[in-house]
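Have a look at the structure below before the remarks.
Derivation of every value follows stated rules applied to the coordinates shown; laboratory data play no part. This structure is a prediction, so every number in the text was calculated from the model and none was measured. Backbone-built Cβ (ideal geometry, glycine too); neighbour counts: all protein chains shown.
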Amino acid sequence: MLKTPLSFTVIGLGKVGRIFSTVFKEKCKLKLDYIIDKNTKDLESEFLGLKILDEIPLKIDSDLIIISTPDDTIEEIINLLNSTYTIKESVIFLHFSGATHIKSNKNIIAIHPMMSFTDYRSDLSRLNEHYFTLQSDRSGLTEIFIPIIQKITEKYIIINGEDKKFFHLASVIINNFSTALVKSSVEVIKQTGISEENSLKMLLPLLKDVFINLENNLDINKSLTGPIIRGDKKTINLHLELLTKSDLSDENKIYNIFFEYIKKKFLLLK
């Protein structure tokens with residue numbers, strides 16, 4: 001019978017592991033039994049009042065085992081714990097992978113916060129601003145975690161295992177690709193002799209405007225601005241000429257790709 005976990009152990013104390021060790025202990029009020037990370041030399045000797053272990057203890061009595069390791073090792077660790085160590089028969093395994101779907105009717109749940117993790121204190125303070133996806137093939141398991149997640153955020157959605165990859169892909173596109181586009185814009189400004197740092201300072205307020213427009217409109221079509229939406233062909237041709245003549249071949253490719261994408265998706269210029 002599935003029961004709400006009262007205690008937990010964490011395996012892997014990277015950025016995500018640190019955040020959720022704190023959250024599950026302090027916000028969700030679960031008892032923290034063990035913190036395990038083999039790279040203890042790179043970490044403080046204690047965290048949240050517990051000594052960090054560099055090996056998994058032979059017996060773990062926790063109701064919940066959080067596996068915060070690279071995606072490729074999650075299922076391997078679960079199998080190792082089941083085959084080699086003494087754990088509760090009713091133990092629940094939790095991981096944070098957005099892409100990995102472990103097809104199993106065992107007590108395995110994936111909770112994926114749709115955010116990027118960069119700074120421990122900052123990430124803790126803004127965790128409740130982001131959506132979480134919950135997924136498990138075990139019937140009833142996600143429902144058990146809803147009250148726990150609600151102590152962290154009211155923004156969550158239960159998804160199917162086969163849909164995980166779409167949510168993860170969308171997160172990667174908006175996170176990594178937007179950063180890459182900022183890099184592209186910085187490279188353009190650097191042609192004037194302005195440094196990368198100062199170029200970034202100039203562009204960040206504009207980037208914030210983009211997301212403010214999206215948030216205010218909640219309509220992508222109404223949020224697009226600039227010469228393409230206006231059909232300003234003279235300006236567009238000026239941009240294309242500048243990109244061709246300057247040492248900006250990569251940025252030229254990016255501009256043309258997005259120019260064609262915008263024409264197709266927003267039904268603007270023919």
Could you work out the mean projected area of the convex hull around the alpha carbons of the stretch 224-270, in square nanometres to one decimal?
3.1
Over the alpha-carbon set of the stretch 1-81, divide Rg by the Kirkwood Rh and report the Rg/Rh ratio to two decimals.
0.94
Would you mind ranking Y85, Y261 by Cβ crowding within 10 Å, fewest neighbours first?
Y261, Y85
No solvent, one uniform scatterer per C-alpha: report log10 I(q)/I(0) for the stretch 52-179 via the Debye equation at q = 0.09, 0.10, 0.13 1/Å, two decimals.
-0.28, -0.34, -0.58
Compute the whole-percent fraction of alpha carbon pairs in the chain spaced more than 34 Å apart.
36
What is the sum of charges around I36, taking Lys and Arg as +1, Asp and Glu as -1, for the other residues whose C-beta is under 9 Å from the C-beta of I36?
-2
May I ask you to sort D137, D54 by Cβ crowding, counting other Cβ atoms within 10 Å and putting the fewest first?
D54, D137
Too-long pairs where the Cα-Cα distance tops 27 Å, listed order kept, from K183/K263; K25/K51; K165/K201
K165/K201
For the chain, find the longest principal axis of its Cα atoms and tell me its angle to the long axis of helix 74-84, 0 to 90°, nearest 10.
10
Equivalent ellipsoid semi-axes - Cα gyration tensor, the stretch 160-270, angstrom
25, 19, 15
Using a Gaussian network for the chain with springs between C-alpha atoms less than 10 Å apart, which of these wobbles most: D61, D219, D71?
D219
Output the peptides 140-147, 197-204 sorted from most to least packed, where packing is the average of other Cβ atoms within 10 Å over each peptide's residues.
140-147, 197-204
Rank N79, N217, N176 by mean-square fluctuation in a GNM of the chain with C-alpha springs under 10 angstrom and give only the top-ranked residue.
N217
Semi-axes of the equivalent ellipsoid for the stretch 161-217, Cα gyration tensor, largest first, Å:
29, 15, 6
Answer check: the stretch 88-139, Cα atoms, Kirkwood Rh, Rg/Rh ratio of 1.06
The chain, relative contact order [Cα under 8 Å, separation at least 6], %:
13
Angle, helix 196-217 long axis vs. longest principal axis of the chain, Cα atoms, 0 to 90°, nearest 10?
80
For the chain, with a Gaussian network of springs between Cα atoms less than 10 Å apart, report the residue from P227, P70, P57 with the top mean-square fluctuation.
P227
Is there a quick way to get the dipole size of the stretch 76-231? I mean about its Cα centre, with the Cβ of Lys and Arg at +1 and of Asp and Glu at -1; what is the value in debye to the nearest 20?
40
